[in-house]
There are 2 protein chains.
Amino acid sequence: MQSFTEENYLKIIYHLSVISNPVQTNAIAERIQTKAASVTDMIKKLSEKELVNYVKYQGVTLTEKGKLTAINIVRRHRLWEVFLVEKLNFKWDQVHEVAEELEHIKSILLVERLDEFLEFPKVDPHGDPIPDQYGNFADLSFLKLSKLKTNEKGTITGVSEHSSPFLKHLEKLGLTLGKRIEVSEIIDFDGSVELLIEDRKINISKEVAKHILISK
Amino acid sequence: MQSFTEENYLKIIYHLSVISNPVQTNAIAERIQTKAASVTDMIKKLSEKELVNYVKYQGVTLTEKGKLTAINIVRRHRLWEVFLVEKLNFKWDQVHEVAEELEHIKSILLVERLDEFLEFPKVDPHGDPIPDQYGNFADLSFLKLSKLKTNEKGTITGVSEHSSPFLKHLEKLGLTLGKRIEVSEIIDFDGSVELLIEDRKINISKEVAKHILISK
DNA sequence: ATTATTTTTTAGATTTGTCTAAATTAAAAA
DNA sequence: TTTTTAATTTAGACAAATCTAAAAAATAAT
C-alpha cells in the first residue's frame, strides 16, 4: 500500500513519461511543487519498493508495478471527475482539485461501484480516456487536436463542442469532417496551433484545438 | 485549516463528549488507537489553535470553534454514508471505513452539492441525524432505543426496520407504537437491553433495540 | 579538450505525529 | 491520613517527508 504522497509521485511520473522518458528530477520537482532534493529522496524510496527504475543522474521510469499503480490513480481521478460533472453539476474547470483528493481513497469496492453508477464512462469531462480496472485504455480512435505534437498528422473525425458559432467558425476555416491536417507549429506563448491543411497554413487557438477530435 | 489527523481528534472528542464531559486522555487514546502520550501532544496543539479547552490532568472540552469543525466532519461523514448506501448500493455495514476517508475532503462546494444530490437527507443509514452546514441538527423527535441510557424513559414512535418477522417479534413482546418504556439495565456483555413496560420486565437484543425509534 | 553551466545528489536540519520509559498528579483504598 | 493504584504528562527518540547549502556529475559552450 502506498502513501498519499507516494501515489502523487507515481501519478506525476506517469504523466511526465508521456512527454519524455526517463523522467528528470527537476521536471518532477516543478510539477509537484517541491525541491529537487526532496524528489531524489522520494525516488530512492519508490525505487526500493520496486515501483520505479532509478539510475543516478539518469532519471526514472516506472516499473510494471509502478505503472499499474499510476494508471489506477488516473482511473480514480477521471471517474471522480465524471461524477462531479455529471452528478454534482460541477463545471469542467472546478473538478480537478477535488478529484486530486478523491483519487487517493483506496476502497476497491468504491471505485468499481462508482464506475457502475456512472455507467462505465470511457472518457472524463476533458475527453481523456478512463482505463479499466486492469489498466487497459479503450482504443479511442480519436484524440484532441490539442494533444498532437509538432509534425504529427491526423484526420478530423469529430468535435466535442456542438454550438452553432463554433461549427460555423470551423467551416469558415475549412476544418470539416474527413479533412487531413498536420500540426506545423505550436506557439508557446498562447498554446495556439499552426496547421497545414490542403497546402494552406492556418492558425487556431488552443481553445478551438481542444474541441476538434482527430484520428491518426 | 486542520490536518487529517487533527480532524480525527476533533471528531472523536466530539463523540466522546456526549458520553462524558470533559473527555479523558485515555478515552481518546483508546478510540483513536494510539497512546495516551500522543494524545497529550495533540491536545496541546489543538489547544493552541483554540479548538479545545485544555486543563492539565482534567481532560478536554471542545471550544465553539472546535465543536463547529467537529460537527462539520460528522456532517460530511454521514452524507457520504447516505451516498454509499443509496447510490452505490453499499450495505450499511460496509460504509463506515470508506466514509472515514471521504469525510476529510475539504471542498465546501462538494459537500453542498452532495447534500443537494441526495435531496437533503436528515439521517444517515444508521438513523443518526445529519447536521446542516451551520451545525444545526434537525430536531428529530425520535432516537434509537439503543441510544437510551439506564433509567431513561421514552415512547415508541417508530421502527427503522420494516420486515414482517421483525414487526411480529415486537408485537409478541408488546412493543407497539405509543407504548411507554423505561430502560432498567444495559447488559455490558452483549449490549442487550432490559426494559420496563407496563410493569413487566422484558429483554431485547442490541440488534432489536437499534431498530426501535423513541421520543422522550 | 577545457571551462562554464545546469542538473542532480548528499549531508544535515526541520516539522508532524508518533513512540517508550520515567516522572508527576489525581483518585481510590486502607 | 497515608499508601496504593491508576491516569496523565514530560523528556527524549524515531519515521516520514520536506528543506537549505554544498558537493558531485552530466551537459553545453568555448
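The values are calculated or read from the model by the stated rules, or taken from the named source; none is laboratory data. Keep in mind it's a predicted model, so treat the numbers as computed, not measured. So basically every Cβ, Gly included, is an ideal-geometry build from the backbone, and we count neighbours across all protein chains shown. Areas reflect the complete protein model, heavy atoms only, side chains present, ligands, DNA and RNA absent. Shrake-Rupley method; radii C 1.70, N 1.55, O 1.52, S 1.80 Å.
Across region B:11-26, rounded Karplus estimates of 3J(HN,Hα) from the backbone phi angles (6.51 cos²θ - 1.76 cosθ + 1.60, θ = phi - 60°) give 4, 5, 4, 4, 5, 6, 4, 4, 7, 8, 9, x, 8, 7, 3, 4 Hz, Gly and Pro being marked x.
Each principal axis of the Cα cloud of chain A was taken in turn, and the coordinate range along them, longest first, works out to 55, 43, 27 Å. For the residue pairs B:K45/B:K67; A:K65/B:K106; B:K153/B:K179; B:K44/B:K65, the alpha carbons lie more than 19 Å apart in A:K65/B:K106. Chain B packed on chain A takes about 1700 Å² of accessible surface away from a 1.4 Å probe, both sides summed. Rolling a 1.4 Å probe over the protein heavy atoms gives chain B an accessible area of 55 Å² per residue. Here is how far apart the A:V55 label points are across copies: 6.7 nm, shortest first, using a point 7 Å from Cα toward Cβ. Less than 5 angstrom separates the built amide H of B:K179 from those of B:I156, all sequence-distant by 5 or more or on a different chain.
Counting helices only, and only those DSSP H runs with n ≥ 4, report the 222 nm mean residue ellipticity of the protein assembly as shown as the sum of -39,500 (n - 2.57) divided by its residues, in deg cm²/dmol to the nearest 500. Could the numbers behind the result be given before it?
Values: 16 runs with 186 residues, N = 432.
Computed mean residue ellipticity for the protein assembly as shown: -13000 deg cm²/dmol.
Shielding by partners for peptide B:102-108, expressed as the average number of C-beta atoms from other protein chains within 10 Å of each residue's C-beta, is 3. Across the options B:I204, B:G191, B:T157, the greatest Cα extent toward the positive end of the charge dipole of region B:143-215 (unit charges at beta carbon of Lys, Arg, Asp, Glu) belongs to B:T157. Distances between placed amide hydrogens fall under 5 Å for A:S192 paired with A:I187, A:K206, all partners being 5 or more residues away or on another chain.
What size of dipole, in debye to the nearest 20, comes out for chain A about its Cα centre when the only charges are +1 on Lys and Arg C-beta atoms and -1 on Asp and Glu C-beta atoms? All intermediate terms of the calculation are to be shown ahead of the outcome.
Working: 30 positive and 33 negative charges, 79 e Å.
Roughly 380 debye, rounded to the nearest 20.
Find the percent of Cα-Cα distances in region A:143-215 that exceed 20 Å, and round it to a whole number. Value for region A:143-215: 17 percent of Cα pairs lie more than 20 Å apart. Computed over protein heavy atoms with a 1.4 Å probe, the carbon and sulfur contribution to the accessible area of region B:143-215 reaches 53%.
In the assembly of identical copies, B:K172 has its label point, taken 7 Å from Cα in the direction of the beta carbon, separated from the corresponding points by 8.1 nm (ascending, one decimal). What the phi angles of region A:80-91 give under the Karplus curve with 6.51, -1.76 and 1.60, with θ = phi - 60°, is a coupling list of 5, 4, 4, 4, 4, 6, 7, 9, 9, 6, 6, 7 Hz, glycine and proline written as x. Using a probe of 1.4 Å, the accessible surface attributed to A:I105 totals some 10 Å² when neighbouring protein chains are kept in position. Once the chain from B:E182 to B:T40 is taken as fully extended at 0.36 nm per residue, the excess over their C-alpha distance is 47.2 nm.
Given R₀ = 35 Å, FRET efficiency for A:R200-A:S47 by Cβ-Cβ distance, to 0.05? All intermediate terms of the calculation are to be shown ahead of the outcome.
On the way: r = 50 Å, r/R0 = 1.44.
FRET efficiency, A:R200 to A:S47: 0.10.
Across identical copies of the chain, B:D132 has label-point separations of 4.7 nm, listed in ascending order, with the point defined 7 angstrom from Cα along Cα→Cβ. Residues whose amide H comes within less than 5 Å of that of A:L143, counting only those at least five positions distant or on another chain, are A:I214, A:S215 (H built at 1.01 Å from N in the peptide plane).
Each part gets one Cα centre, and for region B:8-55 versus region B:159-216 those centres are 34 Å apart.
Given a Förster distance of 35 angstrom, what is the FRET efficiency for A:L118 paired with B:S20, based on the Cβ-Cβ distance and rounded to 0.05? Intermediate values should be presented prior to the final figure.
On the way: r = 44 Å, r/R0 = 1.26.
It comes out at approximately 0.20.
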